Every structure is written in structure tokens, then in C-alpha cells.
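Here the structure is laid out as C-alpha cells; the discussion comes afterwards.
What follows draws every value from the coordinates through simple rules; no lab data is involved. What you see is a predicted model; the values in this text were computed from it and never measured. Methodologically, a virtual Cβ is constructed for each residue, glycine included, from the backbone with ideal geometry; neighbour enumeration extends over all protein chains shown.
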Amino acid sequence: MSRIGASFRLPKRICLAALVTLCGISTLAARQNNDVVIMKNGDRITCEIKRLENGILYINPPYALDTYGVDWNQVERVESTQAYRVTLTNGARHTGTVERTPAKKDGPDDVKVSSKGSSVEVPADQVAVLRQVEEGFWNQQTGSLSAGYDFTQGNSSSQLSISGDTNYRQEDYTLHLDGSAVFNTQSSARTARYTTNLTYNRYLRRFAKNSNWYAGTILNFLKSDQQELDLRASVGEGLGKDLKRTNRTYLSVIGGAVFTTERYFPGSGFDPNIQNVEAIAGLTFSTYRFKYTEVTNQTYVYPNLSTPGRFRVSTSSYFKFRLARNLDWIFSVYENFDSKPPTNAPRNDAGVSTSLGWTF
């Protein structure tokens, strides 16, 4: 009996230790709801400051059911003892507590970021992004999910689109993953298109503290029935720079090279498996306007170094309109163009879609 009892003591102790550890982690990870935001009209809000992006400061008062946003330009004072990651318009990145103080005479409001006995003060309009420092990988995630369905009775065509993206940001690097699936049906013909894109950008702060330069790793996957493409996979490296970053507009470019492997649907007279080395030039643009509207475009051009004269263009754009809190209406446009496909397949695959999206 003593052996049986002993055999159960260890698992119980482990479970108890795990429970205590989880409770401790939860207590440490829980952020206090005692931040203070004072508006220029005199309103004083005790809350939890979530983030600042696109000129909107998102807060969560204890009496509110959900997070809501206030205009950053209408904020007079911010007081918080919590830690945040702050990105400035000049590319500098700081981590620490944040305090916003009213303007002195005719000057701009100041934001002070303090950490380990040191601090830096900058004009409030130079703060582009502010995000909580939280424990755990999943707590650092932001992103969106969307789905849409279109039907045209005249030609009996329908389209189902599903997409999503997630972002993980640290002081020195960002990680972005997105994917989409589009299913088209017209009469008895059916086509599908799948995409997955992963980018990892590490900012080169060892050369300059306020560096807007970054080293980028790119990984793309595409399957397109329209272009008779069973799979196209590209992986490569590039050097990029954020040309413009404000609290409402972002513009970045990147150049480099990728290795691409393509597998087309089987056909006569050609090898369906092709490998290429391609140069890459990319542009990402995003702007937030009229409080509820966001426009984003991402375009990549791939000159083929293995097959002179061949080049590809991949572009996607979307118009996003905020309907309520985290709910958006999205209009999307995409196109993939190949100047010299190795088969008799169409040179381009383009489409538009409308969907409803949820941002987290």
C-alpha cells in the first residue's frame, strides 16, 4: 500500500506545482486597469491602455464591455506604470513606461518613455505605434480574419473567399503571416486559388539606433488553377527601408533575390517542374483616413534571372471600412501576372472580392 500511495504523490505534487505556477503567471501577466487618460475637453478616463495605431488610442475602461478608440490628437495627458513598445516616425524604438504631458507654451505635447533609470522625450506627433509588452507569444499577436461570398445569377457564378493574417512585433523585428483561399464556380467549371506569405523583418539597429533599414526574409506559396499552377514556392532575402512612417501612413520598399520552384499541371512537351532565380523589388503602402477607412497595397516585381525577358508581378490591395468596433467591410483586388509562362496557361490571374472581417 505504501508503494501505491507513493506512486501517486509525485503526480499530485507536479499538478499542484503546475497550478501554482500557472496562477503566478496569470497574476504576473494580468495588467492593472489603472492607467489614466485625460482628454483636452477635461474628461478623465481610468482604463487599461491597449495600443496606439493609425492615430487612434485604444483603451478599455473597467465599466466598458470592450475596447474602444479615442483620437490621439485630442488626448492631453497619459499616465501609466505599465511597459510599452514605442515606435517613432524616425524609426527609433523604445521600451518602457509612457507619460504624455500637455504642451509647453506653443510647443507640441511631449511623450516621455522611461526604462531602467533612463528616459527619452519626443513630441507626441512623432509616436507612430504604441503596444503593450505582454508575457507569452500568443498575447503579442494582432491580426484579422475575413470571409465573403458573391453570387451572380446571370451567369450562375459564385465566389467564396477566406483570408486571415497575424502579426508579431518586438522591438527589433516583426513577423507577419497571411493566407487566403478563393473558390470560383461558374456553371460546371470550378477553380481555386491559395496563397500563403511569411515575412520576417529584422531592423538593423547595430548600425544606427534610429535605423529604418531592415533585413527581410520572404517565403511565399501560391497555387492557382487559373494559371495551371499546382505550386509556386519562393524563398529569399532582401534589404528594405521604411521610407515613411507616421501615425496614419506607412511606406516601405525592399529589394533582393529569391529562389523559386514551380510545378505546373502535367502537359505535353514541357517539364512541369521548373526552378528559377529571381530578383525582387517590393513596395508596401498603407494609409488610414477619415477615422474609419484604411487603404493598403502590396506589390512585388520579380525579374527572372534564369530566363531573361521573363518577369512576374504580384499585387494585392484592399479598402477597409470600419463598421463597428472590430468589424470591418473589406473590398479586395488581387492579380498575379507572368510575362512568359512556360506553358500555354493564361498570363494573369486576377479577381475582386467583398467580405466581412474581424480584427483582433
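Quick look at the values:
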item	result
Proximal aspartates and glutamates relative to Lys291, as straight alpha-carbon distance under 18 Å, when same-chain residues fewer than 8 apart are discounted	Glu53, Asp71, Asp125, Asp328
Stokes-Einstein translational diffusion, the range 211-269 - Kirkwood Rh over all Cα pairs, 1.002 mPa s, 20 °C, in µm²/s	155
Cross-link reach list, lysines versus Lys112, counting only Cα pairs under 19 Å and skipping chain neighbours closer than eight places	Lys40, Lys50, Lys104, Lys209
Neighbour-limited loop hits for chymotrypsin sites (Phe, Trp or Tyr not before Pro), the range 58-138 (at most 14 other Cβ within 10 Å; DSSP other than H, G, I, E, B)	Tyr63, Phe137
Value of relative contact order over the range 138-359, rounded to a whole percent, pairs C-alpha under 8 Å and six or more apart	13
Global form of the range 138-359, assessed from the alpha-carbon gyration tensor, a/c cut-off 1.5	oblate
Which of Pro102, Val70, Gly117, positive extreme of dipole for the range 35-132 (C-beta unit charges)	Gly117
